[in-house]
Structure formats: C-alpha cells, structure tokens
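Taking it in order: structure first as structure tokens, then the write-up.
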Amino acid sequence: MKSIFISVFMGGIILLVFSCATVPTGPLSPGEVRLLKMDVPREGDVRLGVPFMVNINFEADGRPEMRRACFFWSGDGPYCSKVTKVNYGSPGTIYVELLTWSSGQYFLESYVLYVQDGKTRRTNVVDTHIYIVR
C-alpha cells in the first residue's frame with residue numbers, strides 16, 4: 001500500500017513539474033510576448049504539399065510587432081516563416097501558413113520573433129503533435 005501511495009505521489013509531482021514548465025508564469029515586462037499554446041489542423045486535415053494554417057495563442061503587454069514564427073519538426077530546424085496575421089486580444093492569436101514536403105507524424109515546436117524596445121526578442125517555446133498525410 002505504501003509503495004502505491006509513493007508511486008501516485010511521485011507521478012503527481014512529475015506531472016506538476018512538467019505542466020508548470022511549459023508556460024512561464026508571472027507578470028509580463030513592457031512589450032513582452034508569452035506563447036500559450038499552438039493549434040494545428042486535426043489528423044487527416046493536413047496534406048503533403050498543401051499549405052495549412054497554424055494558430056499560436058499568446059499573451060502580450062501591448063501590441064508588439066510579430067516578425068517571424070520558427071518551427072522545429074521533431075528536432076529538425078528551425079524553419080522560420082513570416083507571420084500571416086495577428087489578432088491582439090486576450091489571448092491573442094498569431095496565424096502562420098506552413099507547407100511541408102514530408103509525410104508522417106511530427107513533434108512540432110515553435111517560438112516567435114518579435115520586437116521589444118527596438119530589439120528582436122524570442123518567445124518561449126510551445127509544442128504539439130501533427131500528422132501529415134500523403
């Protein structure tokens with residue numbers, strides 16, 4: 001019984017650590033951007049060689065200029081693309097159009113380059129899984 005309790009307790013601690021590590025907390029500095037999550041089309045809706053839209057939710061202090069979104073495809077990259085559109089709000093959304101020439105399942109990670117105090121800055125990283133079909 002004691003070993004089951006310890007296993008459950010340790011599992012909870014590990015889950016808590018990883019869930020807290022994905023998105024930084026605390027107040028934003030002036031002009032700072034923090035990514036919250038990334039949404040991609042569901043499995044089967046992304047086809048090889050056909051452009052698709054990725055939506056990245058963020059919070060920001062003000063309306064910073066979003067320059068580029070950069071992606072790692074299962075560790076390969078970064079490949080950076082121009083931001084297509086930005087909706088500022090709570091949360092805001094960054095829209096980026098991507099195109100791929102390789103099918104399969106990928107672990108997709110992204111960060112965004114934005115301007116803060118006249119300097120280009122890099123956000124935190126968000127991730128998701130994506131499946132590209134032929």
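The values are calculated or read from the model by the stated rules, or taken from the named source; none is laboratory data. All values reported here derive from a predicted model rather than from experimental measurement. Here the Cβ is made from the backbone with ideal geometry for all residues, glycine too, and neighbour counts use every protein chain on show.
Computed quantities for the displayed model
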| item | result |
| --- | --- |
| Segment 89-122 - residue that is aromatic (Phe, Trp, Tyr) and at pLDDT 95 or above and, of those, farthest from LEU48 (Cα to Cα) | TYR114 |
| Flag if VAL54 is within 17 Å of GLU97 (Cβ to Cβ), in a loop (DSSP other than H, G, I, E, B), at pLDDT 90 or above and not acidic (Asp, Glu) | no |
| Hey, ASP39 within 29 Å of GLY26 (Cα to Cα) and modelled with pLDDT under 95 or not | no |
| Entirely in segment 61-134, the strands (runs of 3 or more DSSP E) that have 2 or more residues that are closer than 27 Å to LEU28 by Cα and touching a residue at least 12 places away in the same chain (Cβ under 8 Å) | 66-73, 76-82, 92-98, 104-116, 119-122, 126-132 |
| Lone unmet requirement of (1) exposed (fewer than 15 other Cβ atoms within 10 Å of the Cβ); (2) small (Gly, Ala, Ser); (3) more than 15 Å from LYS37 (Cα to Cα) for GLY89 | (3) |
